[in-house]
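Have a look at the structure below, then the notes.
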Amino acid sequence: MPSLLTALTFLFITATILPLLRCSHWLIRTFDFPRLQFIIAGCILLISQVLFMPNTSPLFFTYFTLTMLSIIWQLWWVLPYTRFWRKEVQTSKEHNPKNQLTILNYNVLMTNRNAEALIELVKLHNPDVLVTLESDKWWEKALSTLTQEMPYTVNCSLDNLYGMHVFSKLPLADQEIKYLVENKIPSIHTSITLKNGVKVRAHFLHPAPPSPTENERSSQRDAELIMVAKSIAKTKQPVVVSGDLNDVAWSSTTRLFRKISGLLDPRIGRGMFNTFHTSYLFARWPLDHLFHSQHFTLSQIKRLPAIGSDHFPLLTTLSYNPHKKQTGIKAQHSDIERTKNIIPSPLSFFPLSES
């Protein structure tokens, strides 16, 4: 048993250290995801060390201390996404429909054919904007009935798992479909006019993940996130960014995105809202996101029930309230320098126009 615990302790510490490497290989970046699962595994490992290792040996104290430090380090990343943390975004105290923006974000899973369930979900929750990811021509046709109530649309049907569509009740303007980094991976950029007349700059993203079957490295995903972050860093407009980022909320890349963009995360202090995978209760993480500028407070954020995809739908209602003072995490000089490595020459930067 001590030999087994030695091996498990070594593996646990290694899994904690690997994400600290700036390596973009998918095998390393995978360790960003299961931090909550690592915390649970670490606690079990601690108990096992106490029960099955000689408590007076120097080896026991070394293993116990290293395991405890590893658990604390993992907690540092995920604790903000619990109710034990201070909320980054204030809860809205007014419910004026003219100031609200409700976005339903859903990765439909291209092979899923349960479009009727999504239509019923839209009728039930009545969002202002529906964003679908992985939606192809079949999905575009199946959801066409929504245009009666949501007449403003941006369609980008693809059969490569990266199609996306936007359906909106609110007027859209300056619509652009861009291929920022990869020529088969689109993103949608537009402005949404609220009922109070305020224009909100919106970016809908779905970069490819680092994986053995797609991109070997996270370089392309990271570059797309930082390109968008830089494009909105100095804008004074209200901004929302939503989509399946194929990255967890607590990863160093997503944190860097928030630092550079200045956007806020309404989940902080409220919960993880794990949206993937619907079939695995003990292997879920927050891949679907909504970030916004300090112009908004939060009316609600809710993970909706599974309706056929491997992702849960994510419903968020923001309330335009530019007078509230809210701040996120600030970028340091080292963060600015890091972005230069993420978007290296000759990868060009496609400026996203002001709406």
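The values are calculated or read from the model by the stated rules, or taken from the named source; none is laboratory data. In this text, all values refer to a predicted model and were calculated from it rather than measured experimentally. Cβ atoms come from the backbone with ideal geometry, glycine included; neighbour counts cover every protein chain shown. The area values use the complete protein model at the heavy-atom level, side chains included, leaving out ligands, DNA and RNA. Shrake-Rupley method; radii C 1.70, N 1.55, O 1.52, S 1.80 Å.
Counting only protein chains, not ligands or nucleic acids, how are ARG303, ARG270 ordered by accessible area (probe 1.4 Å), most first?
Working: ARG303 90, ARG270 25 Å².
Result, largest first: ARG303, ARG270.
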Connecting C-alpha atoms closer than 10 Å in a GNM of the chain, tell me which of THR56, THR327, THR91 has the biggest fluctuation. THR56
Might you tell me the accessible area per residue for the chain, computed with a 1.4 Å probe and given in Å²? 45 Å²
Rg and Dmax of region 114-251, Cα atoms only, in Å: 15.4, 47
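Would you calculate the convex hull of the Cα atoms in region 63-179 and tell me its volume per residue in Å³? Spell out each step's value before the answer.
Numbers: hull volume 23.4 nm³, N = 117.
Measuring per residue, one finds 200 Å³ for the Cα hull of region 63-179.
Using only DSSP helix segments of four residues or longer, with each worth -39500 (n - 2.57), what per-residue ellipticity at 222 nm results for the chain after dividing by its residue count and rounding to 500? Show your work: numbers first, answer last.
Numbers: 9 runs with 110 residues, N = 355.
Rounded to the nearest 500, it is -9500 deg cm²/dmol.
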Can you give me the distance in nm between label points at SER211 and HIS323, each placed 7 Å from the Cα along the Cα-to-Cβ direction? 4.7 nm
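I need to check one value: relative contact order of region 208-256, counting alpha carbon pairs closer than 8 Å and at least 6 residues apart, in percent.
Values: 26 pairs, mean separation 17.5, N = 49.
Relative contact order, region 208-256: 36 percent.
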Rounded to a whole number, what % of the accessible area of the chain do carbon and sulfur atoms account for, probe 1.4 Å? 61 percent
Below 8 Å between Cα atoms, with a sequence gap of 6+, how large is the relative contact order for region 87-177 in percent? 27 percent
So what are the ³J(HN,Hα) numbers for region 212-219, from phi and the Karplus equation (6.51, -1.76, 1.60; θ = phi - 60°), rounded to whole Hz, Gly and Pro as x? x, 9, 10, 8, 5, 10, 8, 4
Note: PHE282 to TRP138 extended length (0.36 nm per residue) minus current alpha-carbon separation gives 48.6 nm
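Using Cα pairs closer than 8 Å and at least 6 residues apart in sequence, work out the relative contact order for region 20-115, in percent.
Details: 31 pairs, mean separation 24.5, N = 96.
Relative contact order here is 25 percent.
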Non-local amide H neighbours of TRP85 (under 5 Å, H modeled in plane, Pro and chain starts lacking H): which ones? GLY269
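Past 26 Å, Cα to Cα: identify those pairs from LYS98/LYS236; LYS259/LYS324; LYS141/LYS199, in the order given. Numbers along the way, then the final one.
Values: LYS98/LYS236 20 Å; LYS259/LYS324 19 Å; LYS141/LYS199 29 Å.
Over 26 Å Cα-Cα: LYS141/LYS199.
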Specify which labelled value, from (1) 72, 47, 44; (2) 70, 57, 43; (3) 69, 45, 36, agrees with Cα extents along the principal axes in Å derived from the coordinates of the model shown. (1)
